[in-house]
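The values are calculated or read from the model by the stated rules, or taken from the named source; none is laboratory data. Since the structure is predicted, the reported quantities are computational estimates derived from the model, not experimental observations. With ideal geometry, Cβ positions are generated from the backbone for all residues, glycine too; neighbour counts draw on all protein chains shown. Ligands, DNA and RNA are stripped out before the accessible areas are found, and what is left, the full protein with its side chains, is counted by its heavy atoms. Shrake-Rupley method; radii C 1.70, N 1.55, O 1.52, S 1.80 Å.
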Amino acid sequence: MADLLPEHPDFLWRNPEPKSSYDAVIVGGGGHGLATAYYLAKNHGMTNIAVLERGWLAGGNMARNTTIIRSNYLWDESAGIYEHSLKLWEQLPEELDYDFLFSQRGVLNLAHTLGDVRESVRRVEANKLNGVDAEWLDPQQVKEVCPIINIGDNIRYPVMGATYQPRAGIAKHDHVAWAFARKADEMGVDIIQNCEVTGILKEGNRIVGVQTSRGTIHTPKVALAAAGHSSVVAGMAGVRLPIQSHPLQALVSELFEPVHPTVVMSNHVHVYVSQAHKGELVMGAGIDAYNGYGQRGAFHVIEEQMAAAVELFPIFARAHLLRTWGGIVDTTFDASPIVSKTEVDGLYVNCGWGTGGFKGTPGAGFTYAHTIANDEPHALNKPFALDRFETGRLIDEHGAAAVAH
C-alpha cells in the first residue's frame, strides 16, 4: 500500500465493514476528519474510532481547495491556531513519512490603496508580536520576490506594497489527506468509505450512536467534520449552528514551465494566484454571495478574477483555462471557525472555516482531537467555541486579514 499514490477517486482505501460500536465516530473523511483521527490515535491513544465518509476519502472540499498555507492573521486567537498549524505543517512530511509536496515559497498579500497599506502594516506588526514571520515590502521589493507582477502605475489598482510571510506556501491537498489516512489506518483507526450518516441517535441529551447507510453504529462521541454540510448533519441531533453554506470556486490553467515563484493574493481586486507543482496556474477568489450547496458558482466571479489576474500578471494573458470547479464552504458571522463542544453531550463540531480550512488542517485536527478526548477544549481552540456568539467575544477576521483565504 505504501507504494501506491492516489491520483484519482478510483483509488480506494481498505474499506472494512463498520463494527457495532466505537469509542468515537468522526463524520467526514476529508483533511480535518482524517487529521483528527490521526491525532486522536497519536496524542490520546484512541484507536477504537471510525471515520465515516459518504463518498471517497478527500473527495469533498479537500479535493476542491487551492492549497494555500499561511498564518499571518491579525487577531491573537487566529494567529495562535494558524501558527500552530503551520508549525505542524513543517514537521508533517517527516512525521507522516509522505511527500505531499509541501513548498514554503511565501505568500504576498498586496495593498492597492492607502487603507490597504495602513491595515497591512498594522497586521505585520501584530504578526511580529505574536511570533509570526511577517514583513512589509514596498513595490520594488514585491517585484524582487515575484518578477512577473505588474507594479506600474497605469493600472486600475497599482501595487502600493504587500505583506510577505516567507514560511507560507502550498501543499498537494489530496496527498495530505492520504498521508493522514495511512498513518491513522496503521494505528488501527477504521476508515469507512461509502458510508453516509443518515441520523444521529440520542438518549435524552446524550449521544448514543449514528444511523448510516451501512447500519447502526453505537458510540458515546460523534465529531462532525463535514465541511459544507455541517449544519445539515448537526440538525440531525437537533443542533442549529450559526453558519451559512456558500459555493466557492476556483480554476486552473493548462501546464506551463515555472514562471510564478510565490503565492500572490489581493483582496481588493479579488484574486489569488499560485503555480502548482505540475505547472498549472491555480486561481481563485472569494465565496459566491448567495447561499447554496451547488458545486458550481456564478460565471461573473470567474470573469472578474481572470480580469484581475491578467492586469496584475500581463504574462497570463495568453494562458488557457483548463478547468473550473466549486466547493461548498461553511462560513460564520465573524469569518472564524467553530471548534467546539455542543449543547448535546458527546456531540462536537468543527466547521465554519470558510476559505481557511486547508491551511488549518493539522491545527484543527490537533485541537479537535484534544477536545474530543478530554471533553474540554485545547487552549488554542477555546476562543472558537460556540458560546462566543452568545457572549459577543467574536474573532472578526472578515476584513482584518487582507484576504480570508
Yes/no for Leu241 being crowded, with 21+ Cβ neighbours inside 10 Å and either in contact with a Lys or Arg (Cβ under 8 Å, 6 or more places away or on another chain) or under 17 Å from Leu321 (Cα atoms) (or both): no
Selection count where residues are surrounded by 21 or more Cβ atoms within 10 Å (Cβ to Cβ), of a type in the set (Val, Ile, Thr) and farther than 22 Å from Ala234 by Cβ, scope segment 15-74: 4
Criterion: among the hydrophobic types (A, V, I, L, M, F, W, C) and within 22 Å of Leu312 (Cα to Cα) - qualifying residue of Leu74, Leu57, Leu114, Leu101: Leu114
Members of segment 176-195 found to be assigned to a loop (DSSP other than H, G, I, E, B), open to solvent by less than 10 Å² (accessible area, probe 1.4 Å) and in contact with a helix residue (DSSP H, G or I) (Cβ under 8 Å, 6 or more places away or on another chain), listed by number: Val189
Qualifying positions in segment 181-215 - of a type in the set (S, T, N, Q) and either touching an Asp or Glu at 6+ places or on another chain (Cβ under 7 Å) or touching a residue at least 60 places away in the same chain (Cβ under 8 Å) (or both): Gln193, Asn194, Asn205, Thr212, Ser213
Any hit, segment 107-115, residues being open to solvent by 30 Å² or more (accessible area, probe 1.4 Å) and closer than 23 Å to Ala226 by Cα: no
Qualifying position, being under 20 Å from the mean Cα position of the chain (by Cα), at pLDDT 95 or above and of a type in the set (S, T, N, Q), among Asn374, Asn381: Asn381
Looking only at segment 82-119, and only at residues there that are small (Gly, Ala, Ser) and at pLDDT 95 or above, the one that is nearest to Val271 (Cα to Cα): Ala111
Hey, Gly228 modelled with pLDDT under 95 and either open to solvent by less than 10 Å² (accessible area, probe 1.4 Å) or not β-branched (Val, Ile, Thr) (or both) or not: yes
Those residues of segment 130-175 which are open to solvent by less than 40 Å² (accessible area, probe 1.4 Å) and basic (Lys, Arg), in sequence order: none
Matching residues, segment 196-213, being of a type in the set (D, E, K, R) and surrounded by fewer than 16 Cβ atoms within 10 Å (Cβ to Cβ): Glu196, Glu203, Arg206
Top-ranked residue of segment 278-314 - restricted to ones that are over 21 Å from the mean Cα position of the chain (by Cα) and buried (at least 16 other Cβ atoms within 10 Å of the Cβ), ranked as nearest to Ala111 (Cα to Cα): Leu312
Any pair with Cβ under 8 angstrom, 6 or more apart, that starts in segment 122-148 at a residue that is within 22 Å of Leu86 (Cβ to Cβ) and ends at one that is assigned to a helix (DSSP H, G or I) and small (Gly, Ala, Ser): Ala126/Ala79; Asn127/Ala79; Asn130/Ala79; Asn130/Gly80; Val132/Ala79; Trp136/Ser120
Among residues of segment 133-158, those that are touching a Phe, Trp or Tyr at 6+ places or on another chain (Cβ under 8 Å), in a loop (DSSP other than H, G, I, E, B) and of a type in the set (A, V, I, L, M, F, W, C), counted: 3
Matching residues, segment 359-394, being in contact with a strand residue (DSSP E or B) (Cβ under 8 Å, 6 or more places away or on another chain), part of a helix (DSSP H, G or I) and closer than 17 Å to Lys221 by Cα: Thr367, Tyr368, Thr371, Ile372
Any hit, segment 89-105, residues being of a type outside the set (A, V, I, L, M), in contact with a Leu (Cβ under 6 Å, 6 or more places away or on another chain) and touching a residue at least 60 places away in the same chain (Cβ under 8 Å): no
